[in-house]
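Presented below is the structure to which this report refers.
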Amino acid sequence: MRWWDIDPVLELEKDLFPEDAWSRGMFWSELAHARGPEATKRYVVAVEGDRLVGYAGLAASGDLADIQTIAVTRDHWGTGLGGRLLTELLRAATAFECAEVMLECRIDNVRAQKLYERYGFEAIGFRRGYYQPGNVDALVMRLNGPSTSVQGNEING
């Protein structure tokens, strides 16, 4: 993801997450740490023709990575694009030498939870009222050994 991707990312963000969409400043801040030898973040986009159809981001700190966001346009749900974006983030976690990957997922987003489970994530707890202003709980999930999960999902599709 580059600065010129922020406008189409914001459009998709507002469509999919109207109550708790990230701001332009949040994406700028994330991208500020995604380049160069001291990078601690990895953000990617999926483009079809000239249309942005998905994006994803990861932050790394020490041996722990955190998936910040994954989003796919509604017309690409069920196509495997979310899995490809997740695979890119897990590759980044491996490159950052992270032993664990964490994430929060809306408790009502069963589609995403199933995707994460296919990649080996396990539910480890809840964060009450995590998503604001809607006051929606988050399911906290963890994956040990991201490189193993990437290899397993490349083989199994």
Quiz prompt | Selected from Tyr131, Gly49, Gly80, residue furthest toward positive end of dipole (the chain; charges at beta carbon) | solution = Gly80
Practice problem: Heads up, I need the accessible area for Ser61: 1.4 angstrom probe, whole protein in place, Å², nearest 10. | Solution: 90 Å²
Self-check item: About the Cα centre, charge dipole magnitude for the chain (Lys/Arg +1, Asp/Glu -1 at Cβ), debye
Solution: 120 debye
Quiz item: Which residue, Gln132, Gln113, Gln68, has the most motion in a Gaussian network model of the chain that connects Cα atoms within less than 10 Å?
Solution: Gln132
Quiz prompt | Estimated FRET transfer efficiency when R0 is 35 angstrom, pair Arg24-Glu117 (beta carbons, to 0.05) | solution = 0.60
Practice problem: Express the relative contact order of the chain as a whole percentage, based on alpha carbon pairs under 8 Å and six or more residues apart in sequence. | Solution: 18 percent
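State in Å² the accessible area per residue of the chain; use a 1.4 Å probe, count heavy atoms of protein chains only, and round to the nearest integer.
55 Å²
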Practice problem: Please report how far the C-alpha centroid of region 1-72 lies from that of region 76-98, rounded to the nearest whole angstrom. | Solution: 13 Å
Quiz item: For the chain, modelled as a Gaussian network with Cα springs under 10 Å, which listed residue fluctuates most, Gly62, Gly83, Gly49?
Solution: Gly49
Quiz item: Of the chain, which part is the longest with no trypsin sites (Lys or Arg not before Pro) in a loop (DSSP not H, G, I, E, B) and with at most 14 other C-beta atoms within 10 angstrom?
Solution: 36-157
Exercise. Go ahead and estimate [θ] at 222 nm for the chain from helices alone: -39,500 (n - 2.57) per DSSP H run with n ≥ 4, summed, over the residue count, rounded to 500.
Key: -10500 deg cm²/dmol
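The values are calculated or read from the model by the stated rules, or taken from the named source; none is laboratory data. Since the structure is predicted, the reported quantities are computational estimates derived from the model, not experimental observations. Here Cβ is always computed from backbone atoms with ideal geometry, including for glycine, and neighbour counts include all displayed protein chains. Side chains included, ligands, DNA and RNA excluded: accessible areas come from the protein's heavy atoms. Shrake-Rupley method; radii C 1.70, N 1.55, O 1.52, S 1.80 Å.
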